[in-house]
Amino acid sequence: MNEVDIKTISHKKLLNRIYKAEESKFFETASFGFFVYLMTDLVLFASLFAVYAVLEANTVGGPSGQQIFNLNNVLLETLALLISSFTMGLAILSMKKNHRNKVLGYLVISFLLGLVFLLIEMTEFNHLIAIGDSWRRSGFLSGFFVLVGTHGLHIMVGLIWMAIMFYKILKFGLSRVNIRRLTLLSMFWHFLDIVWIFIFTIVYLYGALGR
Amino acid sequence: MVFASVLLGKLSWQVFPKDIVTLGAFVSIVGGGILVAAMLTYFKKWGYLWRQWLTNTDHKKIGVMYIILAVLMLIRGGVDALMMRAQQASAVGASHGVLSASTFQQVFSAHGTIMIFFAAMGLMFGLINLVVPLQIGSRDVAFPFLNLTSFWLFAAGAILINLSLGIGSFSAAGWLAYPPLSELKYSPSVGVDYWIWTLEIAGIGSLMSGINFLTTIIKNRAPGMTLMKMPLFSWSVLCAMFLVIFAFPILTVTISLLFLDRTLGSHFFTASGGGNMMMYVNLIWAWGHPEVYILILPAFGVFSEIVATFSRKKLFGYRTMVWALAAITVLSFSVWVHHFFTMGAGADVNGFFGIMTMIIAIPTGVKIFNWLFTMYKGKIHFNAALYWFFGFVILFTIGGVAGVIMAIPAADFQLHNSLFLVAHFHTMIVSGVLFGYFAGFTYWFPKIFGYRLDEKLGIKTFYLWVIGFILAFFPLYILGFLGATRRINHYAANLGWQPLFVVAGIGAVIIAAGVAMGVWQQIVSYRLRHQYRDKTGDPWNGRTIEWSIPSPAPFYDFKAVPVINDRDAFWVAKKNHQELVSDDDVVDIILPKRAPISFVLGICALIFGFAMIWHIWWLVIVSLIAFVVSLMIRLNDEKPYEVVTAETILKQEKLLKSGHGI
């Protein structure tokens with residue numbers, strides 16, 4: 001080993017040592033920053049809710065919410081998403097107890113439930129488009145598709161993230177970085193759950209009541 | 001044909017400009033780029049540029065890049081302004097001026113968009129990057145990689161808007177692209193799409209910066225620096241970033257919906273199909289009004305630092321200053337309807353928003369008086385930075401009073417969309433925002449570059465700007481009262497407006513001379529940099545901790561992070577003949593590595609935006625995948641840091657003391 005190599009190795013050790021000392025601070029900063037990001041996402045959804053509220057009555061001869069919403073499907077979607085949020089919580093609890101395999105198992109369950117949610121939503125969208133009630137039909141449908149679709153897009157990102165997390169934990173175990181990222185993922189997933197509760201109430205339940 | 005339309009979307013040979021003005025502008029931009037590239041190759045500086053600047057996560061370097069780009073965009077927007085002034089000064093009676101109607105529309109749309117999103121925002125984020133980490137004793141921002149990525153998204157937006165000169169055309173629907181004019185039916189060209197994707201990309205960059213700096217200020221302050229011990233510039237940035245976080249998502253949503261209307265045929269803002277175009281105006285101003293406070297609050301912060309430093313006094317009423325900032329932050333979300341009192345929302349709604357608009361003037365007035373009281377009985381040291389403050393405080397008050405006049409809905413019905421309005425908001429943004437950032441740039445320049453700017457040329461620059469400004473915009477107040485509307489490209493000779501428009505044109509030329517003088521000041525100061533060297537690191541007898549480190553600020557900022565016990569920590573330490581930190585406090589640290597991926601992400605975003613504008617769908621998918629994959633590669637590096645040993649830091653400190661680095 002020549003001198004340069006020794007220097008690199010000692011540098012690497014030094015890096016690891018300092019990084020370890022700063023780790024908890026990074027974790028705190030990252031969670032805070034991610035939380036702030038989620039709040040910006042909340043403003044984004046709030047804007048979409050406002051848009052939907054303004055356009056809801058503008059059916060211009062097209063169907064209203066009462067005519068197109070299938071509450072049975074929505075119930076299934078809601079159950080799938082709420083349970084997946086619960087299993088995600090269990091994954092975090094297992095992570096804190098350092099049970100790698102349990103974390104992986106709960107991740108799989110959360111992923112599958114999220115997938116069920118997304119598939120039901122896509123079926124609903126496909127059906128509406130097939131019968132000619134797409135976002136082109138009316139202001140109401142534009143607002144509906146974009147609000148619910150934006151949430152669906154977020155779910156899709158969450159699913160991709162979960163798949164990557166699964167692979168990472170499978171390969172590297174519950175390393176510090178993985179713990180940090182899994183925590184952020186769970187924040188993201190719970191956040192989408194909360195947004196869905198509002199969509200469920202304001203769009204579907206309120207819409208199904210009719211006027 | 002089908003193949004070509006899949007491959008190239010809406011691109012064809014028809015897209016290149018035919019009129020000589022646009023073509024000339026595009027050719028000169030491309031030519032300038034080629035010249036710079038040739039010089040870089042000749043002097044073999046590509047590697048230096050790549051390693052030291054383009055991929056460097058050091059907040060000071062990012063700040064300088066923001067400012068350079070913002071100044072270039074300021075010049076581009078300024079050329080637009082000169083063309084508008086030339087048009088309005090000459091298009092009277094039988095003459096139809098120098099620009100065709102469609103070029104004129106594109107020019108005023110581009111001017112507004114560029115000046116707000118790229119000149120003003122760029123100078124703001126530049127200054128914030130330079131100063132905030134130094135002022136709060138944080139070695140870098142909370143997320144350095146994100147910071148550089150934000151910059152490259154900003155740069156991608158800037159490149160995209162300039163591409164519209166040469167490929168296709170820019171929006172002709174004004175800087176905020178109100179529907180239904182901006183809908184596909186009335187604006188079928190790609191102009192509005194350029195506008196949308198420019199702002200979408202740059203806007204997401206700004207939003208990420210907002211999250212970044214909010215987190216930095218909340219989480220990374222030096223030990224002992226409670227919020228109420230934080231310097232006012234950092235406070236103003238905290239409030240501005242708070243506004244960014246709440247306002248920019250609304251912008252993203254609004255222009256995304258406009259994009260959906262134009263591209264996928266939805267009905268959000270269309271005149272038919274159940275859309276609601278006034279919803280667009282509400283949404284865009286729910287972002288747009290906080291946006292003007294996003295720009296002005298950091299300028300207020302700059303003046304708070306400068307006035308205290310050059311009066312050799314503690315800032316008068318620190319607490320009221322903070323509360324005024326907080327009040328403006330909250331109130332700025334409750335005034336947006338004053339941009340369109342004429343919508344017809346009714347007397348109650350207009351009354352509410354009119355009163356709220358008058359109320360928000362109160363905390364601003366508090367700040368003005370606090371600055372004046374800070375100077376009262378102070379030992380005032382006249383400096384170019386303080387000159388900008390004097391210009392600001394007089395002009396900004398005049399503009400503010402004009403704003404309060406327009407806050408009265410009944411008056412606004414007369415003044416709406418007149419040149420009076422144009423004069424008002426230019427007074428706020430030029431003499432408020434720009435003067436503030438120029439002052440801040442003059443003030444903190446030595447800290448970043450290690451030498452002061454030439455004082456006399458700085459004052460000359462100031463006078464050219466102020467005189468030019470008064471000549472360019474005071475006639476517009478009068479023209480507004482006479483009934484001249486904004487964006488007017490021709491008027492009858494018997495109205496007698498031409499002399500005033502000519503004066504305004506002369507004013508614009510004087511401002512352009514001011515810009516040239518500013519550039520000259522840079523050149524002269526650079527050549528005399530050894531004479532103007534800042535040997536102590538504290539050229540102005542400063543009060544806050546950024547002046548406690550040597551100039552130019554080393555890449556690790558602080559050799560050791562000081563413990564803060566006072567608002568003016570450095571000032572107190574100087575008075576007690578103490579050092580904030582000693583060499584014994586220096587330890588090994590880690591700093592973020594370079595991040596070439598940020599640059600790649602910027603390129604991906606640029607290609608993505610371009611493909612979206614021209615409907616080249618395969619390229620949209622490819623660039624999106626490239627974006628995600630690059631991000632993954634970056635996230636795979638779990639410890640993107642490198643070590644700086646205490647030994648290196650102490651060596652560097654010694655070098656800086658002997659004048660190294662300028």
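Summary table below
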read-out	value
In Å², nearest 10: area of A:ARG181 left accessible to a 1.4 Å probe	50
Table column - 3J(HN,Hα) (Hz), segment A:150-160, Karplus curve with 6.51, -1.76, 1.60, x for Gly and Pro	5, 4, x, 4, 4, 4, 4, 4, x, 5, 4
Burial order of peptide ranges B:173-183, B:112-122 (average beta-carbon count within 10 Å, highest first)	B:112-122, B:173-183
Table column - 3J(HN,Hα) (Hz), segment B:381-392, Karplus curve with 6.51, -1.76, 1.60, x for Gly and Pro	9, 6, 8, 3, 4, 6, 4, 4, 5, 4, x, 4
Dimensions in Å of segment A:41-209 - Rg and Dmax from alpha carbons	17.7, 57
Point-to-point label distance, B:ILE167-B:ASP566, nm (Cα→Cβ direction, 7 Å offset)	5.8
On Cα atoms only, tilt of A:71-96 relative to the major axis of chain A in degrees	10
Area of A:THR201 that stays accessible when all protein chains are in place (1.4 Å probe, Å², to 10)	60
Accessible surface, 1.4 Å probe, highest first, among residues B:VAL628, B:VAL292	B:VAL628, B:VAL292
Centroid-to-centroid separation of segment B:85-143 and segment A:138-160 [C-alpha atoms, Å]	34
Largest-first principal axis extents of the Cα set of the protein assembly as shown (Å)	88, 77, 56
For residues of A:133-139, the mean tally of beta carbons on other chains within 10 Å	5
Buried solvent-accessible surface, both chains (A, B), 1.4 Å probe, Å² to nearest 100	3400
Pairwise label distance in nanometres, B:VAL509 with B:GLU579, each label 7 Å out on the Cα-Cβ vector	5.7
Segment B:406-432 residues near the modelled B:GLN498 label - backbone nitrogen below 13 Å, point 7 Å along Cα→Cβ	none
0 to 90° range, to nearest 10: angle between helix B:101-113 axis and chain B longest Cα axis	30
Residue-averaged [θ]222 nm for chain B, counting only DSSP H segments that reach four residues, each worth -39500 (n - 2.57)	-22000 deg cm²/dmol
Helix B:191-219 axis, angle to chain B major axis (alpha carbon atoms, nearest 10°)	30
Distance from segment B:200-229 to segment A:196-211 (C-alpha centre basis), Å	37
Amide H partners (placed H, <5 Å) of B:SER418, local residues excluded	B:ARG486
CD proxy at 222 nm, helix term only [per DSSP H run n ≥ 4: -39500 (n - 2.57); per residue of chain A; nearest 500]	-29500 deg cm²/dmol
Long-range amide H partners of B:TYR451 with built H, under 5 Å	B:ASP534
Karplus-derived HN-Hα couplings along segment A:22-33 (A = 6.51, B = -1.76, C = 1.60, θ = phi - 60°), whole Hz, x at Gly and Pro	8, 3, 5, 5, 4, 4, 5, 4, 5, 5, 5, x
Entries of B:LYS60/B:LYS639; A:LYS13/B:LYS229; B:LYS377/B:LYS654; B:LYS229/B:LYS377 with Cα pairs more than 32 Å apart	A:LYS13/B:LYS229; B:LYS377/B:LYS654
Distance between modelled label sites at A:LEU76 and B:GLN14, nm, 7 Å Cα→Cβ extension	4.8
A:LEU90-B:ARG51 FRET efficiency (beta carbon distance; Förster radius 51 Å; 0.05 resolution)	0.60
Nearest-10 value in Å² for the accessible area of B:LEU165, using the 1.4 Å probe	20
Sequence-distant residues sharing a close amide H with B:VAL644 (under 5 Å, placed H)	B:ILE589, B:ILE590, B:LEU591
Of A:LYS20/B:LYS447; A:LYS12/B:LYS574; B:LYS379/B:LYS456; B:LYS45/B:LYS593; A:LYS25/B:LYS574; B:LYS535/B:LYS575, pairs whose Cα-Cα distance is over 29 Å	A:LYS20/B:LYS447; A:LYS12/B:LYS574; A:LYS25/B:LYS574
Rounded Å value of the spacing that divides the Cα centres of segment B:413-477 and segment B:480-554	6
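The values are calculated or read from the model by the stated rules, or taken from the named source; none is laboratory data. Computed from a prediction, not measured in an experiment: that's the story for all the values here. Quick reminder, even Gly has a Cβ in these numbers, built from the backbone with ideal geometry, and neighbours come from all protein chains shown. All accessible areas refer to the heavy atoms of the entire protein, side chains included, with ligands and DNA or RNA removed. Shrake-Rupley method; radii C 1.70, N 1.55, O 1.52, S 1.80 Å.
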